[in-house]
1. Could you check the spin-label model distance between residue 156 and residue 45? Points 7 Å from the Cα along Cα→Cβ, value in nm.
2. What pairs in 38/78; 96/134; 174/238; 78/146; 73/238 have C-alpha atoms more than 18 Å from each other?
3. Could you derive backbone 3J(HN,Hα) for segment 174-188 from the dihedral phi with the Karplus parameters 6.51, -1.76 and 1.60 (θ = phi - 60°), listing whole Hz in sequence and x where the residue is Gly or Pro?
4. R0 = 45 Å: FRET efficiency of residue 61 with residue 244, Cβ-based, nearest 0.05?
5. Separation between the residue 204 and residue 37 pseudo-spin-labels, each 7 Å from Cα along Cα→Cβ, expressed in nm?
6. Quick check on packing: order 241-251, 139-149 by the mean number of other C-beta atoms within 10 Å, highest mean leading.
7. Hey, rough spin-label estimate for residue 252 and residue 231, points 7 angstrom out along Cα→Cβ, what's it come to in nanometres?
8. Only sites in a loop by DSSP and with at most 15 other Cβ atoms within 10 Å count here; which GluC sites (Glu not before Pro) in segment 202-246 make the cut?
Amino acid sequence: MTASHNYESRKYTSRFKLKDQNVDTTILNTIILGKLNKFSAVTYSDIKEFLEQILDSGQTDFLKSFMLLVFEKAASEKNFCPLYARLLGELSRNYKILLEEMAILYEKYCNIFKEIADESVKDYNEFIKLNDEKKYRLGYSLFISKLLPYEVVNEVVFLKVVNTIIENIDYLVKIPHKQNIIDEYADCLATILKAIPTEQSESIVIESVKTTLRLDKTLVKLIPYTVKNSENISLTAKSRFALLDILELFGKDFV
């Protein structure tokens, strides 16, 4: 018997039974953080089983911190993003309570695509926090794209992110010195939309998203930003080509 087989065959003896519902949530989150810090394809089954045992025990107080941790790790650890998406996708099939926490986090992360102005935030600490969260934009875009096939991202959430990015591009292109942020938005948009296969998919959510994109002509809004225009002073060639690639990917049926 190989060492890897022994590793995969080991089972946790759960310490989180219903009778132990007074387990400190902070301690539990610390344990989970330790597990996720070792998260990989090798440890995937082991860690998933560990989390299932906690959820089976009725311990749900940890969920808010746990989901925030997973979202931030997925958004900041590009190489493990698909694994985190798989983890939440598979867990949410049997533990629907996870979807409730996801809905809260989708709204939170959608806000990081909104450009923050000094005068729009009264509290300086809040302003610093909101700007710090911008570092998750591209990572979160990748996470959304990986979650979509597991159908734990619904059409409304997905399209809200897409439209928020397009609206910000539309707002910023005529403002000087916004080239870097527009380049970033174009990358994020390409990352999200490339999750949608152009061929027929078995996923109800994916097909619903494609239908909506087609009917409301969402991608038509990108056409003015694929051509050189002196009015769009912050639109770089890099952004124009990225947006053009999106239109070419989906073809005339979407525009």
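The values are calculated or read from the model by the stated rules, or taken from the named source; none is laboratory data. This structure is a prediction, so every number in the text was calculated from the model and none was measured. FYI the Cβ positions are ideal-geometry reconstructions off the backbone, even for glycines, and counts take in every protein chain you see. Calculation scope for accessible area: heavy atoms of the full protein, side chains included, ligands and nucleic acids excluded. Shrake-Rupley method; radii C 1.70, N 1.55, O 1.52, S 1.80 Å.
1. Each label point is offset 7 Å from its Cα along the Cβ direction, giving 3.8 nm.
2. Details: 38/78 15 Å; 96/134 29 Å; 174/238 16 Å; 78/146 11 Å; 73/238 28 Å.
As for pairs spanning more than 18 Å Cα to Cα, those are 96/134; 73/238.
3. The phi angles translate into 9, 9, x, 6, 10, 4, 5, 5, 5, 4, 5, 4, 4, 4, 4 Hz.
4. Working: r = 49 Å, r/R0 = 1.08.
Using R0 = 45 Å, I get an efficiency of 0.40.
5. A separation of 4.1 nm, rounded to one decimal place.
6. On the way: 241-251: 16.1, 139-149: 23.8.
So the peptides 241-251, 139-149, ranked by packing, come out 139-149, 241-251.
7. About 2.7 nm separates the two model spin labels.
8. Details: sites: 202, 207, 231; in loops: 202, 231.
For GluC sites (Glu not before Pro) across segment 202-246 that sit outside H, G, I, E and B with at most 15 neighbouring Cβ atoms in 10 Å, the list reads 202, 231.
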